[in-house]
Structure formats: C-alpha cells, structure tokens
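First comes the structure, then the notes that go with it.
The values are calculated or read from the model by the stated rules, or taken from the named source; none is laboratory data. As the structure is a prediction and not an experimental result, all values here were calculated from the model. Heavy atoms of the whole protein, side chains included, go into the accessibility calculation; ligands, DNA and RNA do not. Shrake-Rupley method; radii C 1.70, N 1.55, O 1.52, S 1.80 Å.
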Amino acid sequence: MSLTPMMLLALALSYALGSLPSGLWLGLWFRGVDIRNEGSKNIGATNTMRVLGKKLGAIALFCDIVKGLVPVVLFARLEASDLHLPVACGVAAVLGHSFSVFLRFKGGKGVATSAGVFLGLATWPALISIATFAVLVAITRMVSVGSIGGAIALAVSVWFFPLTTLVRVMAVLIAALVIIKHRSNVKRIVQGEENRI
C-alpha cells in the first residue's frame, strides 16, 4: 500500500496507544510502586495483578486489550479505502506495547494487546485463543503456559476461518513474537521454577 498522510497518522496513533504502559503507570499513580522492580519485573497485566492486586491487574488487562482493539476498529477508519490498514495498525499497536517509546523501546510480551487486535480482526480465532489460554492457566496455574498455548491456538485457528492471507500471516508472526518474548519463561518452566498464580 502507498502511504498517505492519514495512513501515517493512523499508524502513529496505533503505535502511541500501544506504547502506553498501563500496568506501570497504575502502579506509580495509585501505589507509588514501580512494577519493573517487583515480581517478574514485567509491565504486563499478570505482573500488575501479582504486585498490585486483582483490581488494578484487571484494569491493566482491560487497558492492554483496548490498546489492541481500538487501532483496528477506529484508527484504521481514518483511511477506510485501504483494506491492509487495520492489519498494519494492529501490528503497530503490538509493537508499541512490546517496544514502548515511553520505556526506551522495552515493554511487555504483547499477549493482551494481541488479543485485542485479533478480537477486531479475527473474532472467532481470538476467542479460541482466549479459551485455550484460560483452560491452560486453570490446569497449570501458569500464565506463561496459557499465553504460549493461546498464541499457538491463534496461529493455527486462523487457517480454518474465511480470513485474508494477510491476517493469517500476521497471526503467525504475532504468535511467534509472543512466544519469543516468553523464552525466559520457557527456561523457568523446564527448570521447574516458573511462577504460579
């Protein structure tokens, strides 16, 4: 696609929204706690819940999902004639969360933000992914196992629904990013040292 000023604006807004470190700011604003120094030291909803409690953790989870959903259903409408823009906005939001401009291009693992993106782009695969996540967490009590399993479920399930090739490829790439961001968790799982909820 050839980029127009409106497309560039949509992509910039998507990245900026994705970059907002919800869990970190909630901890600083309401508890005076930097969650980067506590628990798993991650800025995502899981560590927010572990360090700050269920209420703030749930708010962080909601915010992270919205960061992915809004770009594909709202920002992409700034240039409605381009069918690739929602996918590009979704990628920008996930990259913003994982490599936040507010955190010197560090960030979270992108699970909740990716869920929001695919709720907008591929609703049924996203729901299958979320269900897989919930089942695995219930069985293992490890969010990392649920996240990895949910990513794999998304990457597989998109091929069984009438979606564009671009959305399918994006699902595989985002799933790969989520899994790569969990490599330290995989090491702890193998060593029997992974945190449980």
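Here's how it looks for Glu194: its modeled amide H is under 5 Å from those of Ile189, which are all 5 or more places away or on a different chain. For a test of the definition: using alpha carbon positions, the gyration tensor, and the 1.5 limit on a/c, classify region 90-143 as rounded, prolate or oblate. Judged from the Cα gyration tensor, region 90-143 comes out oblate (a/c at least 1.5, b/c at or above a/b). In the full protein context, region 47-197 carries 50 Å² of accessible surface per residue, based on a 1.4 Å probe and ignoring ligands, DNA and RNA. For the chain, find the longest principal axis of its Cα atoms and tell me its angle to the long axis of helix 143-157, 0 to 90°, nearest 10. In the chain, helix 143-157 runs at an angle near 30 degrees to the longest axis.
Give the label of the value calculated from the structure for Cα Rg over 2.2 N^0.38 Å, choosing from (i) 1.13; (ii) 1.81; (iii) 1.00. Comparing each candidate, only (iii) matches the computed number.
Applying D = kT/(6 pi eta Rh) to region 1-87, where Rh is the Kirkwood radius over alpha-carbon pairs, T corresponds to 4 °C and eta to 1.567 mPa s, the Stokes-Einstein value obtained is 93 µm²/s. For the chain, with all protein chains in place and a probe radius of 1.4 Å, 69% of the accessible heavy-atom surface sits on carbon or sulfur. Between the helical axis of 5-19 and the longest alpha-carbon principal axis of the chain there is an angle of about 10 degrees. The 3J(HN,Hα) values that the Karplus relation (6.51, -1.76, 1.60; θ = phi - 60°) gives for region 60-71 are, in residue order, 4, 4, 4, 4, 5, 5, 4, 4, x, 6, 4, x Hz. Gly and Pro appear as x. Where a ≥ b ≥ c are the square roots of the eigenvalues of the C-alpha gyration tensor, would you call region 29-127 rounded, which needs a/c under 1.5, or, failing that, prolate if a/b is larger than b/c, or oblate? Prolate, since a/c reaches 1.5 and a/b exceeds b/c.
Comparing Ser40, Ser22, Ser114 in a Gaussian network model of the chain, where Cα atoms under 10 Å apart are tied by springs, the biggest mean-square fluctuation is seen for Ser40.
Comparing mean-square fluctuations of Ser144, Ser19, Ser184 from a GNM of the chain with C-alpha springs under 10 Å, the top value falls on Ser184. Around the amide H of Val33, modelled in the peptide plane, lie the amide H atoms of Leu28, all under 5 Å away and 5 or more residues distant in sequence or on another chain. When the inverse distances between all different Cα atoms of region 129-191 are averaged and flipped, the Kirkwood radius reads 12.0 angstrom. In the P(r) worked out for region 80-190, what percent of Cα pairs fall beyond 22 Å? Everything past 22 Å amounts to 30 percent.
Computed with every protein chain present, the accessible area of Trp159 is close to 120 Å² [probe 1.4 Å]. Derived scalar couplings between HN and Hα for region 91-96 equal 4, 4, 5, 5, 5, x Hz in order, rounded to whole Hz, by the Karplus curve 6.51 cos²θ - 1.76 cosθ + 1.60 (θ = phi - 60°), x for Gly and Pro. Largest GNM mean-square fluctuation among Val91, Val169, Val66, using the chain with Cα springs under 10 Å: Val169.
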